[in-house]
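All remarks here apply to the structure that follows.
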Amino acid sequence: MPTNRQFLIDHLPTGKLTPDVFKLSDGPMPSVADGEVLVRARYISLDAANRAWMWGATYRAAVKQGEVMAGGAMAEVVESKAPGFAPGDLVWAETGWQDYAAIKAEHLEKLGPAKAGQPITYLMNVYGIAGLTAYFGLLECGQPKAGETVVVSAAAGSVGTLVGQIAKIKGCRVIGIAGGAEKCELLTRELGYDAAVDYKAPEFTKALRAAVPKGIDVYFDNVGGRVLEACLFNMNNHGRVACCGAVSQYDEPSAHGPRGVPGLIVTKRLTMRGFVVMDFEAQNPNALADLSSWVASGQLRVREDIVDGFENLPAALIGLLAGDNVGKRMVKVV
Ligand SMILES: NC(=O)c1ccc[n+]([C@@H]2O[C@H](COP(=O)([O-])OP(=O)(O)OC[C@H]3O[C@@H](n4cnc5c(N)ncnc54)[C@H](OP(=O)(O)O)[C@@H]3O)[C@@H](O)[C@H]2O)c1
């Protein structure tokens, strides 16, 4: 009888995330009811938002003490009591941090097969939430035009690496904001960014201003806080801010907003638009066709950050929040 390893929430964090928040436990094997499918997690996705869910309800229910830690995974069907799913099928599922989960069929999304010559993990990366978020956030909310200046924060992360490259494909001048000289160098050397600015450097605001001599037309905001503030002060009239997330505030007990809201929104006639990737679900086929053609042509390079071993989930999430990752971070379970 296989065991079902689980990470439970021992207690909810009140400050920075620490490993003791999670408790490793051997859970029962789930029983499968009619209409449900038993799946086994293969790769568990790590997302900055995992931490935000611990503060309360967002676009999904809050994570609660005693529960299995929430999270999405690429999983394999082990047993099916629902039409349309058979053992061996690959699905995207909200398994949580555990080996096995029994999930209602309507909550599963079939994945695959992998495209020829591409790793299977691309299905939960560039063809999954990261790719679709970058695509819709930039193109629908940002509305970039060729020749405009686009700035992206958390630019070396899973969403950010893709946003910058898509903006380049659309003919924009692209500046990435990331933590540390090494990541900034990677953005210009490997991912085609025109310039990169280190938000951890003491002269960040000056360096940002110097990097955008014509001002910012589109800012893709993954972080909020003081980086958002610095960008707002450099926005051009009628600029667009795509509000994707606020990772600078997820692991902080006292989040604070930027100066310039609403003053700069008024005087510069800015549009700030928040979005959640599911808002654009009906357009997924078009987005996926574009993303796969850009990957195939080599215009879009995909970065993966795969951590091996279920037991490393807590450290991998803590590391993601500290900026250890480049590209899409996930944990390989089996
Ligand atoms: N709206 C949606 O539908 C949607 C969907 C998916 C993701 N998102 C959002 O997209 C953003 C990126 O998420 P992700 O899961 O792809 O993670 P990620 O960008 O791969 O990783 C998070 C990155 O955030 C950066 N970071 C951490 N603390 C920071 C701080 N205080 N200030 C600035 N940057 C900081 C780190 O890079 P550095 O080394 O550069 O600090 C880290 O690598 C998040 O805000 C997330 O909520 C939104």
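The values are calculated or read from the model by the stated rules, or taken from the named source; none is laboratory data. Remember, it's a predicted structure, so these values are computed and weren't measured experimentally. Every residue, glycine as well, gets a Cβ built from its backbone with ideal geometry; the counts of neighbours run over all protein chains shown.
Every residue, every condition in (1) over 30 Å from residue 192 (Cβ atoms); (2) surrounded by fewer than 22 Cβ atoms within 10 Å (Cβ to Cβ); (3) modelled with pLDDT under 95, yes or no:
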residue	(1), (2), (3)
60	yes, yes, yes
71	yes, no, no
79	yes, yes, no
94	yes, yes, no
105	yes, yes, no
110	yes, yes, no
121	no, yes, no
135	no, no, no
140	no, yes, no
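Every residue, every condition in (1) assigned to a helix (DSSP H, G or I); (2) aromatic (Phe, Trp, Tyr); (3) touching a residue at least 40 places away in the same chain (Cβ under 8 Å), yes or no:
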site	(1), (2), (3)
137	yes, no, yes
145	no, no, yes
150	no, no, yes
165	yes, no, yes
189	yes, no, no
196	no, no, yes
217	no, no, yes
220	no, yes, yes
223	no, no, yes
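Do any helices (runs of 4 or more DSSP H) entirely within the stretch 240-334 hold 2 or more residues that are touching a strand residue (DSSP E or B) at 6+ places or on another chain (Cβ under 6 Å), and if so, which?
The qualifying helices (runs of 4 or more DSSP H) are 313-321.
Applying the selection to the stretch 140-163, what residues are touching a helix residue (DSSP H, G or I) at 6+ places or on another chain (Cβ under 7 Å) and either among the charged types (D, E, K, R) or within 14 Å of the ligand (Cβ to nearest atom) (or both)?
140, 151, 152, 153, 154, 155, 156, 158, 159, 162, 163
If a residue must be over 30 Å from residue 255 (Cβ atoms) and among the hydrophobic types (A, V, I, L, M, F, W, C), how many such residues does the stretch 22-75 contain?
Within the stretch 22-75, residues that are over 30 Å from residue 255 (Cβ atoms) and among the hydrophobic types (A, V, I, L, M, F, W, C) number 9.
Can residue 289 be described as more than 24 Å from residue 148 (Cα to Cα), of a type outside the set (Asp, Glu) and away from the ligand (no atom under 13 Å from the Cβ)?
Yes; evaluated as a whole, the condition is true for this residue.
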